[in-house]
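*Asks:* Below is one structure. I have some questions about it.
Only the coordinates and a few stated rules stand behind these numbers; no lab work does. Just so it is clear, the structure is predicted and the values come from calculations on it, not from any experiment. Positions of Cβ are generated from backbone atoms using ideal geometry, with glycine treated the same way; all protein chains shown enter the neighbour counts.
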């Protein structure tokens, strides 16, 4: 049954789909809409899924869903609201001072990733948070493995530069 | 190997995407070059910072919305899907079947069962019966609960800490499930006595977005399941086999 197959195949990867969508959209409400639409598509195309690649397959659908929404919009920059709902879950075991420091660092790193162009941002998210191999990322993003490699390297270099700059600016305060 | 080569391969090296020979070359160079070592350390620190950013888990209301929507669509689609599947089977013959999600094409119900069990353990928040990072706590816990003693190794030193164990039921018999963690990824290792004493090399499969490794060693059958990438799961299984 398609519904049972869907529950077994797609639902276990809902968190991963949402995390990816959240990093693409930079907005929780929009990420929910993207994942919802993607799941309906996934349900429809379930029969095209081969056995082995449900998670990467779902990422590709999430990505296509998001891109078609974005391209429908007249002005992408205006339509992309700023990130308002930060749902950082922090370690409550830390003392207040440490927690503040951690909160601060996490916010800086998150902001730095969100500022990256989406081509770099998505490969970093798929690699660092989802642990996808280069080959799997290449299949999701539909570029050659060499492109995945160079986007990862350049994305990380930019991230490093931004974070170093931020750290340097902090010392000037 | 020169600094330029190492710089070019830096990300692939840290992401375990290099072949064994090149990895050895990079390691050799790092032993001798402090500048490249610093670069590697910096990149590793960056990776830790990035991964410390909290994961965005799907809100419960999204799960509910998705289920409600797909249940509604499925009743309409069911007929269409079966009609489409029928057309597919008729038009491409037996080959069409392989497009359909089914463990039967793998010819191995065990693969389906270990993946089901893995998914269940993550969804039902019943990952552990015994939660401990200490192999000397986990191993004795199974005593008296199973008619065999599963070997329990801790691989924390190479970045795969043991986090607990539980009793599970796979392939029509009780098995020991050992739970390991790699960053955000959970690895379930199902251990039970093998049907034969003959050791086998790892048989690697993928199903529904999970990777599965199966091998037999010391009369025990091992099934490792995770959504971890293939390279790291292979590294984990290699270390477990060698332990």
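*Asks:* Extending each Cα 7 Å along its Cβ direction at residue A:170 and residue B:203, get the distance between those two points in nm, one decimal.
*Replies:* Once both label points are built, they end up 5.2 nm from each other.
*Asks:* Simple spin-label model, 7 Å along Cα-to-Cβ: residue B:38 to residue B:156 in nm?
*Replies:* 3.3
*Asks:* Neighbouring Cβ atoms within 10 Å as the yardstick, rank B:116, B:197 fewest first.
*Replies:* Placing the least packed residue first, the sequence is B:197, B:116.
*Asks:* Still on this model: Considering only segment B:130-179, what is the antiparallel percent among its DSSP beta bridges, to the nearest 5?
*Replies:* 90
*Asks:* If you rank B:33, A:39, B:237 by fewest surrounding Cβ atoms within 10 Å, what's the result?
*Replies:* In increasing order of surrounding Cβ atoms, one gets B:33, B:237, A:39.
*Asks:* How long is the gain from residue B:55 to residue B:169 if the chain were fully straight, where each residue apart is worth 0.36 nm and the alpha carbon distance is subtracted?
*Replies:* Contour length minus the Cα-Cα distance gives 38.0 nm.
*Asks:* Continuing with the same structure: Test of understanding: ordering B:55, A:20, B:13 by Cβ neighbours within 10 Å, fewest first, what list do you get?
*Replies:* B:55, B:13, A:20
*Asks:* Calculate the length of the line joining the C-alpha centroid of segment B:104-166 to that of segment A:1-52, in whole Å.
*Replies:* First find each Cα centre; the distance between them is then 27 Å.
*Asks:* Would you please state which residues of segment B:192-227 a label at residue B:108 would reach in this model, taking the label point 7 Å out along Cα→Cβ and a backbone N cut-off of under 11 Å?
*Replies:* Residues B:201-207, B:212-216, B:222-224 fall inside that zone.
*Asks:* Measure off 7 Å from each Cα along the Cα-to-Cβ vector at residue B:147 and residue B:65, then give the distance between these two points in nanometres to one decimal.
*Replies:* 5.1
*Asks:* Return the whole-Å distance between the Cα centroid of segment B:52-67 and the Cα centroid of segment A:110-169.
*Replies:* So the separation of the two Cα centres works out to 23 Å.
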